[in-house]
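Some notes on the structure that comes next.
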Amino acid sequence: MSTNEKIRFDAIVVGAGLAGSAAAMVMARAGLNVALIERGRKPGGKNYFGGAIYTHAIQEVLPDFMERRPPFERPVTEAGFWFLSSDGGLTKMMTSGGKLANEPADAYMALRATFDLWWAEQAQKEGAFLIPKTTVTDFIRAEDGRVIGVITDRPDGELYAPVVIICEGVNNLLTQKLGLISHDLVPAHQALAFKQVLSLPMETINARFGLPDAQHGVAASVLGDISLGLPGMGFIYTNKTTISVGLGVMLETLIEYRLKPYEVLQRYLQHPAIAPLVEGGQLLEYGGHLIPEGGWREMPKLYTGGAMVAGDAASMVNALHWEGTNMAIIAGKVAGETAVVAHQRGDFSEQTLARYEEQLREGFILRDMKQYRNFSKFLDTHPQFMDVYPSFLNDALGNFFSAYGKPKRQLFKEIYGSLTGRRPLFKAVGDIISMGRAVLGW
Ligand SMILES: Cc1cc2nc3c(=O)[nH]c(=O)nc-3n(C[C@H](O)[C@H](O)[C@H](O)COP(=O)(O)OP(=O)(O)OC[C@H]3O[C@@H](n4cnc5c(N)ncnc54)[C@H](O)[C@@H]3O)c2cc1C
C-alpha cells in the first residue's frame, strides 16, 4: 500500500464505552478528525454495569446534557447501605436530600445498552467517526516505538493516527500488548459481578420501595448475609419499570470455594429481605462482568509515546463507592484534551502525553485511587466486615428501636454483648483502626 492510500485520522479511540466516547467528544469538538472504534455491533451492546451514573462527570464533558435528553432511568433520590442478617433482618441506612435532591440529580440509574448508544451519538454529533463491529487487535509502531496507528480485525484494517486513546475496558489486552502493564488480569484483583434486570410495573416498584413516583429512585449497596461471608457486595437499583439486582464477589474467592455465580445470585435473590422486592419480576437480562478492583497498585502506566489509557483498562474504579463511570468519563476527557494539546504542539512524545497523568493527579481520580490503595487488601484480610459487622449492626439497630419494657442500661449491655460475642472488643477496635487506614489512607 502506498503512503497516500493509508487511512489517516488525527486521533483514534479504541472502545465506544464511557471513557472512549468522552475522549472522542472532546477531541472532535476541538476540530480533530477522530475515529471511534467499537467491537460491538452498537456502542453499549457489550457493556454492563449496576448501576448509577454520575452527572458531575457527564456535565464536565457535555454542560447541556439534560437538554439532549439522556436515556436515564430514575434519579437517585435515596442512596445508602442495607445490612442483611441471615434471619432476613434488613437494616436500611439510606440518605436522601442534600445533593440527592438537586435537579439534575447527583446520579441517575441507567441501562448501558441505551446510555452508551446515546453517549456515542453525542460524540458523533461533535464529528467523531464511529466504526462499529471492529476489534482493534494490535498497534502500528514507528521505528522509535511510538504508536502511530492500530491494526483491526477487518481486511486491510490498518488505521493511522499520531495519537491513540485506549478505552478498552477491564479486559485490557491492548494495554498489556503495549507493555503498559506487565501481567494479565489477576483473579485476586478482579470482582466478578453478576446481575439480573427484572421487569415489574412502575407502580409495583414504587410501592415496594416506598417511592412516590418514577421521579424517585433507590440505589442501595447490600452487605451482610449475601455473599456467604466472602468478600463481596450486593446492589439493587430501581429503574423506571425494571429493577437491576446483583452482586460482585472476588473472582479468586469464587474459584477457591468453587462457587457458581448463578447459585450465589440465586441465594441472594431468595434472601427473605430481597425476595419480596423482586417477586414476580420477569427476567429481561442476565449477565456477568468483571470489575477491576486492584486499585492503585494494579494501575498500568497511563501513557507512552503516541498512546494513553483510560477507564477500567487503567483499573480506575473505587469499589467502596461504586465509582467507575465517573472516573472513566473524566479520564477519557482529560486524555482527549491532552491529545488536543499534543496536536497544537505537533509533538506526540511520551513527555508531552505525560500531561495526561499530571492533570489526573490534580483531580479526584488519582488522589482517590492513592488514598484507597490498601482497600482491596483490607477486604481480603478482614472478611468480618462482610458478615460479622453487618449482622451485628442489623441486630443492634433492631434492638435499639424496639420497646422491650426493660431498662435501657440493660439493653445497651445486651447490644455490647452481641458485639463482643461476635468479635472480642480489642479486635473490633483493631478492625476500626485498620478500616480507617484503608479508607482514609492513614
Ligand atoms: C455489575 C457492575 C456494576 C457497576 N456499577 C457501577 C455503578 O453503579 N456506578 C459506577 O460508576 N460504576 C459502576 N461499575 C463500573 C463501571 O461500569 C465501569 O467502571 C465503566 O463502565 C468503565 O468504563 P470504560 O469506558 O472504561 O469501559 P467499558 O464501559 O467497559 O467500555 C469499553 C468498550 O471498549 C470496547 N472494546 C474493548 N476492547 C476493544 C477492542 N479491542 N476494539 C474495539 N473495541 C473494544 C467494548 O466493547 C466497550 O464498548 C459497575 C461495573 C459492573 C461490572
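Scanning segment 43-81 for residues that are part of a loop (DSSP other than H, G, I, E, B), more than 10 Å from the ligand (Cβ to nearest atom) and touching a Gly at 6+ places or on another chain (Cβ under 8 Å) yields E73, R74, T77.
Looking at the structure I just gave you, is G232 under 16 Å from the mean Cα position of the chain (by Cα), small (G, A, S), buried (at least 24 other Cβ atoms within 10 Å of the Cβ) and away from the ligand (no atom under 11 Å from the Cβ)? Steps first, please.
On the way: under 16 Å from the mean Cα position of the chain (by Cα): yes; small (G, A, S): yes; buried (at least 24 other Cβ atoms within 10 Å of the Cβ): yes; away from the ligand (no atom under 11 Å from the Cβ): yes.
So G232 passes the test.
One residue stands out among those in segment 168-184 that are within 12 Å of the ligand (Cβ to nearest atom) and in contact with a Leu (Cβ under 8 Å, 6 or more places away or on another chain): the one that is nearest to F348 (Cα to Cα), which is E168.
Taking the conditions (1) on the phi > 0 side of the Ramachandran plot; (2) in a helix (DSSP H, G or I) in turn, G405 satisfies each one other than (2). Taken over segment 296-312, the residue count meeting the criterion of being in contact with a Pro (Cβ under 7 Å, 6 or more places away or on another chain) and within 13 Å of the ligand (Cβ to nearest atom) is 2. What's the total number of residues in segment 276-294 that are in contact with a Gly (Cβ under 8 Å, 6 or more places away or on another chain) and closer than 14 Å to V245 by Cα? Within segment 276-294, residues that are in contact with a Gly (Cβ under 8 Å, 6 or more places away or on another chain) and closer than 14 Å to V245 by Cα number 0. Among residues belonging to segment 313-349 that are farther than 17 Å from R146 by Cα and part of a loop (DSSP other than H, G, I, E, B), point out the one that is farthest from the ligand (Cβ to nearest atom). Restricting to residues being farther than 17 Å from R146 by Cα and part of a loop (DSSP other than H, G, I, E, B), the top hit is S315. Of the residues making up segment 288-312, not one is assigned to a strand (DSSP E or B) and at positive phi.
Please specify each residue of segment 18-42 satisfying the condition of being within 6 Å of the ligand (Cβ to nearest atom), crowded, with 24+ Cβ neighbours inside 10 Å and over 15 Å from the mean Cα position of the chain (by Cα). Once the filter is applied, which keeps residues that are within 6 Å of the ligand (Cβ to nearest atom), crowded, with 24+ Cβ neighbours inside 10 Å and over 15 Å from the mean Cα position of the chain (by Cα), segment 18-42 yields I37, E38.
Restricting segment 1-57 to residues that are out of contact with any helix residue (DSSP H, G or I) (no Cβ under 7 Å at 6 or more places or on another chain) and among the aliphatic types (A, V, I, L, M), the residue that is farthest from D116 (Cα to Cα) is M1. May I ask you to verify whether K260 is more than 30 Å from A207 (Cβ to Cβ), among the basic types (K, R) and modelled with pLDDT under 95? Criteria met by K260.
The values are calculated or read from the model by the stated rules, or taken from the named source; none is laboratory data. Treat the numbers as computed from the prediction; the structure is a model and nothing was measured. Note that each Cβ is placed from the backbone with ideal geometry, even for glycine, and that neighbours are counted across all protein chains shown.
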